[in-house]
């Protein structure tokens, strides 16, 4: 990858986390719904959906996910703590091929940054356990910025922090809505097939004129 890199087209790549750089350990849905006991089969999908809905507003860090999660647990009569129920979702497995690709791109002179929507609890786990300080030049968590994808302001804020022309930034995400938000902010952006690894990244880089 390094030998064919064209530095005149893109100076920075922003990488989404889940579905692009990392995945959750298999079986996490079952592990979370197991707290429902005998109701897991019938109520499990609704339980996971309500957790997802409760999490969305907390991505900007302006509200506490612990409070929102506690309300969900009360509705489903779950006595376990929020931390216990959410633990399976923090069993994150980085994609080794993607980490290697990021390292190759940085060696070629490209600035590589993490750009992810995360509530503060999961962001803390990622910072502590995944070693991304050594992988990326910068990390941008929505809960720190006070803005979340797909809001174009999220991408504008990152460009301003980096002091980089948005047109020279490439954003890679598995969510089409997020990609559209980045394009609205003036970034180059491309959709990544979920958990497709380095071959998918190289396809995008070719498409964007970077390889």
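The values are calculated or read from the model by the stated rules, or taken from the named source; none is laboratory data. None of these values were measured; they are calculated from a predicted model. Cβ: placed from backbone, ideal geometry, glycine included. Neighbour counts: every protein chain shown.
Before moving on, here are some points about what is shown:
- All positions within segment 45-55 that are crowded, with 18+ Cβ neighbours inside 10 Å and more than 22 Å from residue 150 (Cα to Cα): 47
- Within segment 99-211, strands (runs of 3 or more DSSP E) holding 1 or more residues that are over 30 Å from residue 68 (Cα atoms): 111-116, 169-173, 188-191
- Test: residue 130 is touching a helix residue (DSSP H, G or I) at 6+ places or on another chain (Cβ under 9 Å) and over 20 Å from residue 56 (Cβ atoms): no
- Evaluation of residue 109 against (1) on the phi < 0 side of the Ramachandran plot; (2) surrounded by fewer than 20 Cβ atoms within 10 Å (Cβ to Cβ) (one fails), failing number: (1)
Every residue, every condition in (1) surrounded by fewer than 16 Cβ atoms within 10 Å (Cβ to Cβ); (2) closer than 25 Å to residue 62 by Cβ; (3) not assigned by TED's automatic domain parsing to the domain that holds residue 19, yes or no:
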position: 167; (1), (2), (3): yes, no, no
position: 173; (1), (2), (3): no, yes, no
position: 184; (1), (2), (3): yes, yes, no
position: 187; (1), (2), (3): no, yes, no
position: 196; (1), (2), (3): no, no, no
position: 199; (1), (2), (3): yes, no, no
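- One residue stands out in segment 103-152 among those that are without any contact (Cβ under 8 Å) to a residue 24 or more places away in the chain and farther than 25 Å from residue 202 by Cα: the one that is nearest to the chain's Cα centre (by Cα), namely 123.
- Residues of segment 88-98 classified as in a helix (DSSP H, G or I) and in contact with a strand residue (DSSP E or B) (Cβ under 9 Å, 6 or more places away or on another chain), total: 4
- Hits in segment 56-83 (condition: assigned to a loop (DSSP other than H, G, I, E, B) and either at negative phi or surrounded by 13 or more Cβ atoms within 10 Å (Cβ to Cβ) (or both)): 61, 62, 63, 64, 76, 78, 79, 80, 81
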